[in-house]
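K.L.:
Right, I'll just put the structure down here and ask away after.
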Amino acid sequence: MSASRLKVVLVQQGVWDMPLESMPLASGYLKAMALDDPVLRPAVSIDICNFRGRVTHGEMANRLFAGEPPDVLAFSVFGWNQRAFGALAATFKQLNPDGWVLFGGTHVSEQADRVFRLFPEVDVVVNGEGELTFAELLRTRLAGGDLAGVLGVSWRGPGGEVVTNPERPRIEDLDTIPSPFLTGAIDLLDDNGDFRYDVALIETNRGCPYKCSFCYWGGAVGQRVRAFSRARLKAEMELFAKLGVHTIVACDANFGMLPMDLELVDDLIGIKRRHGFPRAFESSWAKNKSKVFYEIVRRMKEAGLRSSFTLALQSLNADALTAMRRRNMKVNDWRDLVEWLNQEGMDCYAELIWGAPGETAESFLAGYDELARHVSRIAVYPIMLLPNTEYSSNKELHGIVALRGDHDDFEYVLAHRTMTFADNTRMQRFLFWARVVAENAVLRHCWLPLRELAGWPQSRVLNSLADWADTSPRPEARPLREAAARGHGGGAPAYAKAIGYLFTTDDGTRALEHWWAEAVLPNLPADLRPFLTSAFRYDLLTRPVCEPTDLPLVVVDGVEHYVRRGVEFDHDVPVALALLRADEHADTTPHPTALDIYYRTSALNAVMSTNHEEIMHFMGEPRPAGTPYDLRAETA
């Protein structure tokens, strides 16, 4: 132990390799809780080491251990970083054999037997919420280290046996956890005085009333929702607004379900009016949309507060929904909800899970195309077996065959009673392209006219691109082919490579243009080709501008934008798309139109993180050429 104060280091690592950091919210809670303790405050020093995705083990080790090693090294563990943190724990024990290694987080909670078997250097696994437990562990270390009385932990007994202490009751009054923002536990600014993270994360509540078979939402599934106070949340959001934070993300399971959620949005709107920020608010929206949700949407629209509203359907197949324990959710209302959101002009996306027990390849594709008729941006995820979930505990019931990932600790489902290995291989290819192109909105406008005018469902368009990338001899196709080959089991890096290529490089744009000319255009009715090509070009020109450019800069309502002026189209694409969305006849004859297109700057971080909700905030916004766009100031 250090001669003076106990040296504690908290470690987090995000999944994405991106220019900006992800906010270390979990570590911030732990640090704020510990430093609020009158016993610990003078006796410990606590630092947070927050790493981006794809940082090497060596880079992390150099930062963590270049000086005097800590006395306590505490890791916030997820499936994507467990192996890296296990390796760092082994190195730490070589440097400080008497130091403590703590593992906490949803991936290791209640998994002590496996964790200790894989990583013998780990001393303690924290089960459940960690704030109170972390502070008690530090007090225990200062007092001599007897873990027998610490609630909510697993540890090794004198003979090496795994000892799991009684569970710790959940924190009823969440305000007993000091705010990591208001206390300064999390550094919010970089060396230049700018907000250092991609988005600001907050929790408004904890808990989820549902018990979905695939989910372990912080271990609080099937539980009563507990909330932070309105005054605290308002103060946190006010702080973010003063720092010019564009997007606040609520890490809640079902935001928009409770009346207090409407109160928070009212506070957020008032803050935006006073400070001009935030401009967007994202969350995991409530599965069942109540009157509260509809009122939230209306008020956010009136205030110009943007969001991507989620339809967390996961499947449209009745058998799969039954196995998921989601048949009781009102998924049959989703069509009316999408229509209403479209009428309100609000962005919407849907979520599906491929490979759930009960689902087949045919039922999934049918559900995907039915859903795509109403909302083209569909986030599709392969089913994984997460620790402590019903699927993980009942593999035999569903005949599940699974495999651990190459670079992470997730179990990927390869087959079960309604899905063969061949089905899964074929669908993994489809999922790669669906995630890259549709979920991340590389294309977003041409889906509708291709479907309604040419009869191409969304899955056909995606499979056309997949086939072209697999077979084209053009050099621009090769990076896509290589990324797709790594997509099955390659995880985030493979998707990020393809998304970055298509959004940020000239070769990526040329790849899309070649695919259109060679695989799509020849198979379209001749009379529709000119208009559909204009719609495709409209897609390309309204993608985010990610790299430094010579486009002029303008300031729109206090936010910098690039502007591309006087872009000429052979057809009035925006009008035609609006008519098609309204189920009305669209004029596809030539109608020359000129547009000014505005692009919010600093899009690269959203694109490289493949955060499709954030990407939508950087899409080009067209206006008729010469139309003022509420410009407050302009610079060349």
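The values are calculated or read from the model by the stated rules, or taken from the named source; none is laboratory data. This one's a predicted model, so the numbers in the text were calculated from it and none came from an experiment. Virtual Cβ from ideal backbone geometry, glycine too; neighbours counted across all protein chains shown.
K.L.:
I'm checking my understanding of the structure. Among residues of segment 191-225 that are among the charged types (D, E, K, R) and more than 24 Å from E613 (Cα to Cα), which one is modelled with the highest pLDDT?
P.N.:
The extreme case among them is D191.
K.L.:
Go through segment 427-460 and count every residue that is under 25 Å from the mean Cα position of the chain (by Cα) and not in a loop (DSSP other than H, G, I, E, B).
P.N.:
Of the residues in that region, 16 qualify.
K.L.:
What strands (runs of 3 or more DSSP E) lie completely within segment 275-369 and have 1 or more residues being farther than 30 Å from L239 by Cβ and within 23 Å of the chain's Cα centre (by Cα)?
P.N.:
Fully inside segment 275-369 and qualifying: 308-314, 347-354.
K.L.:
Regarding segment 111-121, can at least one residue be identified that is surrounded by 14 or more Cβ atoms within 10 Å (Cβ to Cβ), under 23 Å from L25 (Cβ atoms) and modelled with pLDDT of 95 or more?
P.N.:
yes
K.L.:
I need a count of the residues in segment 525-560 that are surrounded by 13 or more Cβ atoms within 10 Å (Cβ to Cβ), closer than 30 Å to E452 by Cβ and of a type in the set (A, V, I, L, M).
P.N.:
Number satisfying all stated conditions: 6.
K.L.:
Quick one: which residue in T533, T601, T542 is polar (S, T, N, Q) and either in contact with a Ser or Thr (Cβ under 9 Å, 6 or more places away or on another chain) or free of Cβ contacts under 8 Å to residues at least 40 places away in the same chain (or both)?
P.N.:
Among T533, T601, T542, only T533 is polar (S, T, N, Q) and either in contact with a Ser or Thr (Cβ under 9 Å, 6 or more places away or on another chain) or free of Cβ contacts under 8 Å to residues at least 40 places away in the same chain (or both).
K.L.:
Test R170 against the stated conditions and say whether it is assigned to a helix (DSSP H, G or I), basic (K, R) and not assigned by TED's automatic domain parsing to the domain that holds R230.
P.N.:
no
K.L.:
Regarding F116, is this residue more than 30 Å from S4 (Cα to Cα) and either hydrophobic (A, V, I, L, M, F, W, C) or touching a helix residue (DSSP H, G or I) at 6+ places or on another chain (Cβ under 8 Å) (or both)?
P.N.:
Yes: the conditions hold for F116.
K.L.:
Could you give me the residue pairs with C-beta distances under 6 Å whose first residue belongs to segment 141-155 and is over 14 Å from G104 (Cβ atoms), whose second residue is of a type in the set (A, V, I, L, M) wherever it lies, and which are 6+ apart or on separate chains?
P.N.:
L142/A43
K.L.:
Also: What do you reckon, is R444 under 24 Å from V607 (Cβ atoms) and charged (D, E, K, R)?
P.N.:
In short, yes.
K.L.:
Ok, one more. Please work out if L341 is surrounded by 19 or more Cβ atoms within 10 Å (Cβ to Cβ), of a type outside the set (S, T, Y) and modelled with pLDDT under 95.
P.N.:
When the stated conditions are applied, L341 passes them.
K.L.:
Select from segment 425-437 the residues that are of a type in the set (A, V, I, L, M, F, W, C) and farther than 16 Å from A366 by Cα and list them in ascending order.
P.N.:
Once the filter is applied, which keeps residues that are of a type in the set (A, V, I, L, M, F, W, C) and farther than 16 Å from A366 by Cα, segment 425-437 yields F432, W433, V436, V437.
K.L.:
Still on this structure: For the condition surrounded by 15 or more Cβ atoms within 10 Å (Cβ to Cβ), of a type in the set (G, A, S) and closer than 18 Å to R377 by Cα, what is the one hit in A498, A477, A469?
P.N.:
A498
K.L.:
From the residues in segment 228-237 that are without any contact (Cβ under 8 Å) to a residue 40 or more places away in the chain and crowded, with 17+ Cβ neighbours inside 10 Å, which one is farthest from R170 (Cα to Cα)?
P.N.:
Here the answer is K234.
K.L.:
Can you confirm whether segment 250-260 contains a residue that is touching a residue at least 24 places away in the same chain (Cβ under 8 Å) and assigned to a helix (DSSP H, G or I)?
P.N.:
yes
K.L.:
Moving on. Which one of these is acidic (D, E) and in contact with a Pro (Cβ under 8 Å, 6 or more places away or on another chain): D408, D369, D423, D336?
P.N.:
D369
K.L.:
Residues to consider are G58, G53; find the one that is among the small types (G, A, S) and not in a loop (DSSP other than H, G, I, E, B).
P.N.:
After applying the criteria, what remains is G58.
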